[in-house]
Amino acid sequence: PDTSQVFALKKITSFFLIATTILSCTPYTKGELIDNTTIVKVFNKEEIVSLESIITFFDKIIMEKTQLPKVNDAYCSYFETINKMESFDEFEKLIHIENKESYRNLITQLKENGMYKKIWIDAYKYKSFVRKDTLKTYRRYKWENGKYMNFLRLVGEKDTFIKDYRESIIACGDICPTEIVSFMKFYKRFDFNKEIDRLMYALHYLTLLSEE
């Protein structure tokens with residue numbers, strides 16, 4: 001498909017992805033990322049700390065928007081609110097990252113400690129496909145020898161959904177609209193009480209909303 005159509009579909013379908021994700025309000029256990037056997041096969045302790053910072057950042061967005069002190073309660077409230085929305089404008093307002101400085105600091109930190117290149121690679125496209133005079137940056141998963149993609153490969157050995165997700169990214173060179181829809185359709189495969197699942201969702205989310 002036309003590249004502009006793909007990006008439009010990414011934006012639109014990401015709305016439906018998040019809009020249908022309602023989480024169960026069960027107790028939240030922290031600290032499990034370091035205990036995940038698949039994570040420790042791929043990432044060292046310093047890298048896991050960086051992954052934790054991504055989870056913390058994404059959790060904070062949800063908690064600030066809901067003004068709830070407990071992570072799981074905040075997630076439940078946030079997605080329940082999204083599910084009641086009637087317009088795309090309402091959705092964009094809710095998912096907008098108000099604290100740009102915090103967002104930039106996270107990305108800068110990931111670039112400085114080398115974690116960014118183990119997850120993503122910068123790519124470019126025209127802001128206008130009519131004029132084609134100005135490029136804009138976006139990030140995509142680093143599927144060529146990327147550590148995170150290797151992690152997804154290991155997860156995919158036991159989870160066909162993640163296997164298909166990873167293989168589709170490699171085939172498309174980016175998150176395809178079909179896989180965004182798959183995240184929407186099969187959201188119950190994710191247990192958002194688990195840090196490992198929130199990490200995959202956070203990285204998926206940050207990849208989709210990466211355009212600058």
- Ranked highest first by the average count of other Cβ atoms within 10 Å around their residues, in what order do 39-52, 96-109 fall? 39-52, 96-109
- Item | Exceeding the 30 Å Cα-Cα cut-off - candidates Lys147/Lys194; Lys136/Lys194; Lys65/Lys111; Lys70/Lys136; Lys45/Lys136; Lys118/Lys194 | Lys136/Lys194; Lys70/Lys136; Lys45/Lys136
- Per the rule of 0.36 nm per residue minus the C-alpha distance, extending Lys136 to Glu98 adds in nm 11.6 nm
- Where in the range 141-179 are there chymotrypsin sites (Phe, Trp or Tyr not before Pro) that are in a DSSP coil and have at most 16 other Cβ atoms within 10 angstrom of their Cβ? none
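Taken together, the values in this text are just the output of simple stated rules run on the coordinates, not laboratory data. All figures in this text were calculated on a predicted structure; none of them were measured in a lab. Reconstructed Cβ throughout: ideal geometry from the backbone, glycine too, with neighbour counts over all protein chains shown.
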